[in-house]
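Written out below as structure tokens is the structure these notes cover.
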Amino acid sequence: MKKQIVLLFLFLGIFHISAQKYTTKTGSLKFEATVDSFEEVAAENKNTSAILESSTGEIAVLTLMKGFRFKVALMEEHFNENYVESDKYPKATFKGKVEDFDSTKLSSKANVFKISGDLTLHGKTKKITATAKILKADEKITVTGNFDVKPEDFDIEIPKLVSKKVSDKIKVNFNLVLAKL
């Protein structure tokens, strides 16, 4: 856990010291790649770290790949060993910006934003855009949203034997409740 925190702060060296930051170490990141008529392929990581610079809208997210939990232990093992190769590529990161972000206009009613940036997974980086709802309540900023990725965009190979059981488009959902740093 200490290593994850140190990596997050090293990764976030782009932010200014005087800026207002919101952070979490317990964000939720879920993905689902289920195909109809087959066993559910889904997992969740509840230890995702994130930081939001409220004056600029810059956001960074880090999650450890071995933190994803599946309903079936064998799926988790295959995910870590065969697909994302967690020992070789232990983390996924996102560094981007909330477009047209103005923290002074946030309220307890969620507003819809686009978040654009670079997702690094399995040693490959790709630009992505996510749709997110952002609200501010009880001095916390909540960012929830989703985006889709394709395994081949990150050189993740799905063996032919199971390729019909895993969707070629992975749906990713995130929920980050950020507190003032």
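The values are calculated or read from the model by the stated rules, or taken from the named source; none is laboratory data. Keep in mind that what you see is a predicted model, and the values were worked out from it rather than measured. Note: ideal-geometry Cβ built from the backbone for every residue, glycine included; neighbour counts use all protein chains shown.
Taking residues in region 139-152 that are within 11 Å of residue 30 (Cα to Cα), and partners anywhere that are in a helix (DSSP H, G or I), not one pair has Cβ atoms closer than 9 Å while being at least 6 places apart or on different chains. If you filter region 75-112 down to residues that are of a type in the set (A, V, I, L, M) and assigned to a strand (DSSP E or B), you find that the one that is nearest to residue 57 (Cα to Cα) is 98. Within region 35-70, which residues are modelled with pLDDT under 95 and assigned to a strand (DSSP E or B)? Across region 35-70, the qualifying residues are 42, 43, 70. Please find, within region 91-106, the residue that is modelled with the lowest pLDDT out of those that are out of contact with any strand residue (DSSP E or B) (no Cβ under 6 Å at 6 or more places or on another chain) and crowded, with 17+ Cβ neighbours inside 10 Å. Among them, the one singled out is 103.
So, residue 118, is that one acidic (Asp, Glu), in contact (Cβ under 8 Å) with a residue 12 or more places away in the chain and in a strand (DSSP E or B) or not? It is true that residue 118 is acidic (Asp, Glu), in contact (Cβ under 8 Å) with a residue 12 or more places away in the chain and in a strand (DSSP E or B). Within region 4-11, can one find any residue that is surrounded by 17 or more Cβ atoms within 10 Å (Cβ to Cβ), under 16 Å from the mean Cα position of the chain (by Cα), at pLDDT below 90 and not hydrophobic (A, V, I, L, M, F, W, C)? Taking every residue of region 4-11 in turn, at least one turns out to be surrounded by 17 or more Cβ atoms within 10 Å (Cβ to Cβ), under 16 Å from the mean Cα position of the chain (by Cα), at pLDDT below 90 and not hydrophobic (A, V, I, L, M, F, W, C). Checked against the criterion of being in contact (Cβ under 8 Å) with a residue 60 or more places away in the chain, within 27 Å of residue 181 (Cα to Cα) and hydrophobic (A, V, I, L, M, F, W, C), region 95-114 contains not a single residue that satisfies it.
Look at (1) at pLDDT 95 or above; (2) of a type in the set (A, V, I, L, M, F, W, C); (3) within 23 Å of residue 122 (Cβ to Cβ) and you find that residue 73 fails only one, number (1).
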